[in-house]
Structure formats: C-alpha cells, structure tokens
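Some notes on the structure that comes next.
The values are calculated or read from the model by the stated rules, or taken from the named source; none is laboratory data. Remember, it's a predicted structure, so these values are computed and weren't measured experimentally. Here the Cβ is made from the backbone with ideal geometry for all residues, glycine too, and neighbour counts use every protein chain on show.
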C-alpha cells in the first residue's frame, strides 16, 4: 500500500510454469562470474548474564504482586468468607430437603431460565421482538415510531424532484426518476427486485392537426400546442408534453361532420338520435368526466359509427384548467385485458417479435381504440362550436360555460366538417422500468402485500407524483424502523413504482404477471397511492374484507385541519374500486387480491396538463405544508402494520358476506329492471351464501381461542398454536382467490373475479342507480340478453362459494 492509501497494481504474471530447480545451470557456469559481496555484520551488543536476568525478573514479580494481587486479595477475602458462610448454610438446608447435587442443578436451571426470560422480555436481545408482550412486537411502540419519524421536508424534497421534469413512460425523464427511486430503495436496505425492466407498446405525439371547414373553406385551425401561464410559447422549441395527445390513441386521420356529443354516453347519443342527428362517419366532440372513462367513450363513439373523437376538459365550476390548457388522458380499454396494448394479459411477459405486423396486432385485441382521438383546449372548442350557432337544433341543456366565455350548443349541419389527424411515433417494444423493493417477513415470508404508485405522466405530474412521494416516505420510514427497533414484519411487503400506467397499466400488469404463481396463492392485499393528495377530504375505496381494519386504523391518525381523528372527520363512505385506469385493476380482476386506495381530495387540479407543476401545487395551496402527505403516510403505514404484523391476518369475512348479500339484492333489482318475467333462479346462491357465513363464525371462534391462550401465557404463543395460526392465515388468503373463475367472466377471459369488477355496459338510467361493480359476469350476460349464460354465471358463483367451505372443511 502506498502512503496515500492506494493499492499498487500487481503486474500480470507470465503464463508459463516456473523452471525446475534441477534445470538451472551449475554455479560454476554462468553464475560463477557474479561478484561476491561482503556483508558487514553490525557490532554485537553485550549480552546480559543468566543470573542477572533471573534477578531482575524476580524483582518485577515481587513488585507486581505487592501492588496488584495483594490489594485485590484484601478486598475479596471478606466476600469469600461471606460466600463460604452462605454456601455452608445453604448446603445444610438443601441436605435436609434431598440430594444436594440434584437440587443445586435444578436451582441452576431455574436461575438461567429466569435470566433468559428477563432478557427476551426486555428487548435487549438483538433478535427479540423488542416488545413487552411475549413473542410479538409492541404495536404501540411501532405506532409511536411512525408518528415521530415521518419527515415532511423529505416528502417535499422528493415531490419537487419527481415533478421537476416531464416523465411520459419510456422517456429519459421516466428513466431518470426510476433511477432516483431505485437509489432510495437501495440505500434504505430493502431487497431490490431484479425483474424491473420490461418492454411494452408506447406511442408519442408526432404530427397532429384539427381543422374546421365550412364547405371547402377553412374557418379554424386549432392550436394543438399547449400554452401555460408560466411558460413562454416557442413554436420552434415545442416540448413533447405540450403536444395534444391521448396516450395509447390510434394512429390515423378522420374527416366528417362535427357533432357535439356531451359526455359521450349512450343516453347522449339517444338525445342526438331524437334530434335527427346521424353520428355515422362524424367527428364527435366529447367532454372528459361524468360516468364513463375516456376509453369507453371512444368505444361507444366507434360503436355509433363515428370516425374520430375530440376530447376536452369538463368546464365545471371551480375547474383548474384554463382556455389554453389541454388535458391528455389515456384511452386504452382495460375492460377486456390489462397490460401491453398489443400483447395484453398473459402475453405481457414476452417480447413481441419485431417482424410482427403492428396494425394486425393492434386490430386483433380488444384493448386498443378503433378510431383516432385528439384532445383540444377550451379555446378550440369555442372556435369549433361557435360557427354552428343557428344551424340545426339547439341543445340548451348542453351549453358550455368557460367562465368569461359562454358557448351555445347546436346540432349543426353537414356543411361543417372537421378534418383531424393523429400521427404518432410508435414503439412496439419500448423499454420501460418498474422499481420494486421488498421487506422479507420474519415468519410467513411467503405471504406478501403490495404498496404501489403510478410514476409516468403526460406532463410534469405534480399531483400525480404525490402518491410516489408518499411511497418513498413509507420506504424510508420502514427502513429506519427496522434499524432502530430491530423490527421485521411477520409477512413480506413489496413497495413498487409502476411505469406504463397510461398504457393500459403495462407496468403493474407485468409486475403481477411476472410473479403470477406467487400472487395467485400468496399475495393477499394491494394498496394504491396514485394522485394521493389534491385536497383535504379523505376518500377511501376498499374491498369489503378490509373495511374493519381500515376503520380501526383511522382513529389512530389526526386530521391536520381539526386535530380530530380521521375516523371522526371521514364521511364513513367506502367507495368502490371502479376506476379502470388505476393499477389496482390487475390485482383485483386477475389475482383476487383485496385492494384499497387512499387519498385526500377536494381542490380541482389540472390533471395531465402542463399546468400540473410543483410551482402551481404550492401556489394553489393544495398541501403547502405537506401535512396531508404526512397524515396519509402515517395512515397507510399503520394499515401496513395491521396487514403484515398482526399475528392473524385481519380480514373481515363477515363484512365480505354482508357486502355479497347487499350486492345480490341489487342484482335482483337489476334483473327485474331488465326483465320482470325473468326466470333467473337464486335458490342455490342463497343456500351457498348462508353456508359461507359459517366461515365468518369459524374465524371469530379461532381469533377468540387464540387470544385467550396467548393472553393466559403473558403473550407467549405455544409452538402448536403458532402452526395452527400459520395454517389459518394460509387458508384465509385463498378465500377471494377461490372466488375466481379459471375461464374468466362472461366474454372477458382475463377478468376472473366473479364478485367485484365493473359491468362492461354501465347502466345509465336516471331513475335508478345500480351497483354496477358487482357480479360483472352475471350483469354482462343479462345486458347481452343471454339469460341462460346469466344463470350459468350465477351458479358458478354458488359453486365457488361451496369450494370455500371445502377449504375450511365446513361443508
């Protein structure tokens, strides 16, 4: 080593073996000519005689004995005498009881056992639970750690960086954020998941135009470059995020009569038909929002015969958009399949061969749009609709109010033509990146939950990134807790940042499918954190089996504005998991994992536009002090503890059964609404549902018995009871997985969940509202008029419920 601390490089040695000694020439030969050097020996020092050496050693020993051993002996002699006295007395007493040797050994064992017990209960032993309650961690101490270690400055710093650059899936910005998140996961000590890079179809805007003609005369050419108030517009330097574009939209052009179609629902098209408007071959102008997702609006427009769609932001009161902003929503259709748009479902794991024809693949699956779409600004909508005034019939109920701009809606006439083009750059096998970190459980590490957040965005995505900011804080929080209190969950946790969400949930579907065998049996919950904070109103969407544990946890976190518990300020309304564009969809529909989504909403924000920046996030005071981010982090962290560190997985089976019963009553009403003379037979279902309730009673009995035994033993769990608990957890995880159809639901083979999921054609009746996100297979068959298959779907649910009873040996 050099004196600078650097290691010298060792030169490469020759490949040949060194020569044998007997092959060297005799010294009388070549080597005899070498000059012989005379080595001068240094002068020898005079040596000490043995007698003198022994004398000095003896003097040193006497001195050491006098100064060290004698004082110790003087101090210990009284102690030794006391020990001898106690030992003699003890011996005499023990001899009166029995054999002294045996009794002393028993006392020794008792003494050592007491020491071990005290150490294990005190938490001093490094591998112990660190709690004061038997074999499990003290949850109150863990909650206190969570409450005191969430850092708002770290959340704000992460959010600012995450929204500092545009990060559409597969772009340089997306890769930069993936590496940033990967560094945080790696530094935290979590186990990085190596299977993070994958390929998927993505597209990007290239050349788009929307032009309005009156006859052959061009009367308006839409500006499709988004201008924002905090950015100068430079036509020579247009950024990707400024271009009007729907991620996943179809490449192509369309030309036809312009027709305003309100929200693009089937009811809206009925209104147009009643006014004598033929939508066939037209270009329809449609608002975002309302009952339907954008993908379904495109599907219905194509079904009605339209050749193209122009989307624009809903100008409802309080909207954060302005006249020049352009909202860029994804339009892939996930109702049939999620994942890679040209190779969805089970095909997401395979790279599409480059020689495959993209157009054939696009048209051969159901998740790709069939007609092109382009989003436009309010200014463009005004300039397209205003010339139609006085032509056709007035649709006053559909009039638009852009604040200072009012626009009347008329049905128009055939002379007003829109010419639109959506030329996109397509990448059939674009590299995209998930980032996943894992905390391995200390007990049943083969069981796991997933905490996920979408990362990609058409723009800067400040509000979109709030979920990722909370995800990163959770990673830091749990990492610190593992180091500080020697904690590990009983079961495993995945923290995942997904890309490709805007392209049919490509990232989340790939992640789930790449671990398909695992999630099919051992993944037992998913929590979604996308666009987590945009206001102060708590919204929770969750599977009924998770409701109780969520309600219990809400009382442990305070609302930042009122200092009351979230349980007190929450509206007590669990929402359904209806949003088909969220990453929870593949986990629910294909893998039967009970899921939940938590977020604070309230203020309108300019989602998926260039206005969704960190500066605007602060200017609008959405959460300038990061207190709602902190509250959400604490809430989700404590729910994670409930799911992974409670000895018995806290599913509420009774509430699940109640939800099934409630949804079935709604299904009966829907059947009567569709056909009062229907012969659909619910007898078998009713019988199976009553039996299913017995699992809930079995669960309550098991928890009661387990708790009594553990409490009676001061928190210690007997080994045999632990084995029974592990077996119970393994069974209860399979409950909703059994309630999956191996062949999928009606006309949708990828979607296997027979209990929960959106009906494909959502009822649009104004008189009655139905729970359209339950029993999707039965409802789809009813909508298709296939009553025989509706009965088959209903009987299938009954059969699967009976299989649940067989699992618990209750049939």
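Considering each residue of segment 726-741, count those that are part of a helix (DSSP H, G or I) and within 16 Å of residue 546 (Cβ to Cβ), and give that number. Selection size over segment 726-741: 6.
Each row is one residue, and each column tells you yes or no for (1) more than 17 Å from residue 585 (Cα to Cα); (2) outside the structural domain of residue 576 (by TED's automatic domain parsing); (3) assigned to a loop (DSSP other than H, G, I, E, B).
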site	(1), (2), (3)
743	yes, yes, yes
750	no, yes, yes
760	no, yes, yes
765	yes, yes, yes
769	yes, yes, yes
777	no, yes, no
781	yes, yes, no
785	yes, yes, yes
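With respect to residue 611, determine if the residue is surrounded by 21 or more Cβ atoms within 10 Å (Cβ to Cβ), in contact with a strand residue (DSSP E or B) (Cβ under 9 Å, 6 or more places away or on another chain), not in a helix (DSSP H, G or I) and not assigned by TED's automatic domain parsing to the domain that holds residue 696. Judged against the criteria, residue 611 is a match.
Of the residues in segment 131-175, how many are at pLDDT below 95 and buried (at least 19 other Cβ atoms within 10 Å of the Cβ)? The qualifying residues number 2. Residues of segment 342-353 being touching a residue at least 40 places away in the same chain (Cβ under 8 Å) and surrounded by fewer than 19 Cβ atoms within 10 Å (Cβ to Cβ), which ones? If the condition is that a residue be touching a residue at least 40 places away in the same chain (Cβ under 8 Å) and surrounded by fewer than 19 Cβ atoms within 10 Å (Cβ to Cβ), then 346, 349, 351, 352 are the ones that fit.
If you take the residues in segment 762-797 that are out of contact with any strand residue (DSSP E or B) (no Cβ under 8 Å at 6 or more places or on another chain), closer than 18 Å to residue 292 by Cα and modelled with pLDDT of 95 or more, which one is surrounded by the most Cβ atoms within 10 Å (Cβ to Cβ)? Of everything passing the filter in segment 762-797, 779 is surrounded by the most Cβ atoms within 10 Å (Cβ to Cβ).
Listed here are the residues, each with its yes/no results for (1) under 23 Å from residue 465 (Cβ atoms); (2) in contact with a strand residue (DSSP E or B) (Cβ under 7 Å, 6 or more places away or on another chain).
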site: 537; (1), (2): yes, yes
site: 543; (1), (2): no, yes
site: 558; (1), (2): no, yes
site: 590; (1), (2): no, no
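Among the residues making up segment 301-341, those that are farther than 20 Å from residue 378 by Cα, buried (at least 22 other Cβ atoms within 10 Å of the Cβ) and in contact with a helix residue (DSSP H, G or I) (Cβ under 7 Å, 6 or more places away or on another chain) are 332, 333, 334, 337, 338, 339, 340.
Only one residue in 545, 550, 540 is modelled with pLDDT of 95 or more, in contact with a helix residue (DSSP H, G or I) (Cβ under 9 Å, 6 or more places away or on another chain) and part of a strand (DSSP E or B), so which one is that?
Of the residues listed, the single one that is modelled with pLDDT of 95 or more, in contact with a helix residue (DSSP H, G or I) (Cβ under 9 Å, 6 or more places away or on another chain) and part of a strand (DSSP E or B) is 540.
Could you please let me know if residue 711 is assigned to a helix (DSSP H, G or I), assigned by TED's automatic domain parsing to the domain that holds residue 723, over 26 Å from residue 802 (Cα atoms) and at pLDDT below 95? Against the criterion (assigned to a helix (DSSP H, G or I), assigned by TED's automatic domain parsing to the domain that holds residue 723, over 26 Å from residue 802 (Cα atoms) and at pLDDT below 95), residue 711 qualifies.
The listed residues are 453, 462, and the only one of them that is assigned to a loop (DSSP other than H, G, I, E, B), crowded, with 24+ Cβ neighbours inside 10 Å, at negative phi and at pLDDT 95 or above turns out to be 462. Of all residues in segment 559-593, those being in contact (Cβ under 8 Å) with a residue 40 or more places away in the chain and within 24 Å of the chain's Cα centre (by Cα) number 20. Residues in segment 365-384: is at least one without any contact (Cβ under 8 Å) to a residue 24 or more places away in the chain and either out of contact with any strand residue (DSSP E or B) (no Cβ under 6 Å at 6 or more places or on another chain) or not in a loop (DSSP other than H, G, I, E, B) (or both)? Looking for residues that are without any contact (Cβ under 8 Å) to a residue 24 or more places away in the chain and either out of contact with any strand residue (DSSP E or B) (no Cβ under 6 Å at 6 or more places or on another chain) or not in a loop (DSSP other than H, G, I, E, B) (or both), one finds none in segment 365-384, hence no. Do the conditions hold for residue 249, that is, is it touching a residue at least 60 places away in the same chain (Cβ under 8 Å), part of a helix (DSSP H, G or I), within 17 Å of residue 370 (Cα to Cα) and under 32 Å from the mean Cα position of the chain (by Cα)? It is false that residue 249 is touching a residue at least 60 places away in the same chain (Cβ under 8 Å), part of a helix (DSSP H, G or I), within 17 Å of residue 370 (Cα to Cα) and under 32 Å from the mean Cα position of the chain (by Cα). Would a scan of segment 466-478 turn up a residue that is in a loop (DSSP other than H, G, I, E, B) and either surrounded by fewer than 23 Cβ atoms within 10 Å (Cβ to Cβ) or in the same structural domain as residue 174 (by TED's automatic domain parsing) (or both)? No, that holds for no residue. Which of the following residues is over 22 Å from residue 138 (Cα atoms), assigned to a loop (DSSP other than H, G, I, E, B) and at pLDDT 95 or above: 681, 686? One residue alone meets the criteria, 681. Considering each residue of segment 391-409, count those that are crowded, with 17+ Cβ neighbours inside 10 Å and free of Cβ contacts under 8 Å to residues at least 40 places away in the same chain, and give that number. Of the residues in segment 391-409, 1 are crowded, with 17+ Cβ neighbours inside 10 Å and free of Cβ contacts under 8 Å to residues at least 40 places away in the same chain.
Of all residues assigned to segment 348-362, at least one qualifies as being within 29 Å of the chain's Cα centre (by Cα), outside any loop (DSSP other than H, G, I, E, B) and at pLDDT below 95. Here is the figure for segment 559-600: residues that are surrounded by 17 or more Cβ atoms within 10 Å (Cβ to Cβ) and in a strand (DSSP E or B) total 7. Being part of a strand (DSSP E or B), within 30 Å of residue 409 (Cβ to Cβ) and within 36 Å of the chain's Cα centre (by Cα), is that true of even one residue in segment 237-244? Yes, because at least one residue in segment 237-244 is part of a strand (DSSP E or B), within 30 Å of residue 409 (Cβ to Cβ) and within 36 Å of the chain's Cα centre (by Cα).
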